[in-house]
Structures are given as structure tokens and as C-alpha cells.
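Derivation of every value follows stated rules applied to the coordinates shown; laboratory data play no part. Every value quoted in this text rests on a predicted model; they were computed, and no experiment measured them. Glycine gets a Cβ as well: all are built from the backbone with ideal geometry, and neighbour counts include every protein chain shown.
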Amino acid sequence: MKQMLKLFGGILCATCLISLTQSCGDDGPDQLKGYQKIRKDSSFYNAVTRIENIQLVDIRSKEEYDKGHIPGATNVEANYANSEDVNSEFCKEIQARFVKERDIFLYGGKAQKAENWYAPGLVSTIGWGHDHTYHYLNDYEQWVACGFPICQEGSRAENCPCQKTK
């Protein structure tokens, strides 16, 4: 009898898990879609330095961006107040500044833990999709620690969007 109850309980749990994972898929309009995750620093570096006219988004605050950022990055801050859903100011700005026909790459900083995961999902959901949205899982601080180039006051990179705002 105990074995029957254990078996029944296991089947019931498995059924619940299956129904939960199915209801939490990408199919619902309120569900965030997935995106490509870039784990290796060298892979992200290669993308940033080799893709011509890359759509690179720094989701940190303007103050952090102004102190230093990855060359070629455009600042579109994602925070709790402006990136709550697909109709948010963050999404509107992304749609206005970038084209959906090209891949888009996002990165943040240590301070944006929640936004680092939420913002790429929003971008994927608003039109770029899983295959064209990339997220650097490490952060700006890791980029700097690797010794990769940065753009900052006094050493602005050529053709960086930050040149246009000065």
C-alpha cells in the first residue's frame, strides 16, 4: 500500500510539474521570451569587436555609463521604474533606437541583478526574439577585469554613440 501511495504521489507531482512548465512557456502574451546567453568573456569580446555596426545596449544608469562603457554601446537604462513590462519606457526607447532586423546585444553591471535578467527577456518579447537577442551574463565590471577596452571621459572611442551626445 505504501508503495502504491508513493507511486501515485510521484505521478501526481510529475503531472503538476508538467502542467506548470507548460503554462509558464513563451506562448502567453505576458510571458517573457528567451534569449541567447553569452557566458564566455572572449565570445562577447569577439562579438563586440567583430560585428560591424553592432547593436550594443548598456542597461546601467547614465551615471555609470558616463564613467565608462564598452566601446560602441548605447545607454538605455533598465530599472524597476522604467522596465516593468513590454509597454514600458525602456521598451519604447529600445524600439525607437534599434532595428529588429539585426541582432541586439545587452549587458549590465553588478548593481542591475534583476534587470540583467529581465531586460533581455523584454527585448526578445518586443520583437527581436530568442535567436536575435543576446545577453552577456557577466557584467561590465567583468569586462573591465578582463582588460578589454573601455570608452570613458578622456579616451572616447571612435564611432561610439557617446560621441554623438557630447
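Points worth noting:
- Label separation (Q36 vs F148): 1.4 nm, computed from points 7 Å beyond Cα along the C-beta direction.
- Net lengthening on full extension, N53/L137 (0.36 nm per residue, minus Cα-Cα): 28.1 nm
- Taking every alpha-carbon pair within the range 32-164, the share separated by more than 17 Å comes to 54 percent.
- Pairs from the list K33/K67; K40/K92; K92/K113; K37/K113; K67/K100; K33/K62 with a Cα-Cα gap above 24 Å: K33/K67; K40/K92; K67/K100; K33/K62.
- Residues I51, I70, I104, sorted so that the one with the fewest Cβ neighbours within 10 Å comes first: I51, I104, I70
- Set of the range 124-166 residues, backbone N closer than 18 Å to the point 7 Å along the Cα-Cβ line of D85: 124-127
- From least to most packed, judged by other beta carbons within 10 angstrom and beginning with the fewest, H130, H135 follow the order H130, H135.
- Residue order, fewest to most surrounding Cβ atoms within 10 angstrom, among E84, E115: E84, E115
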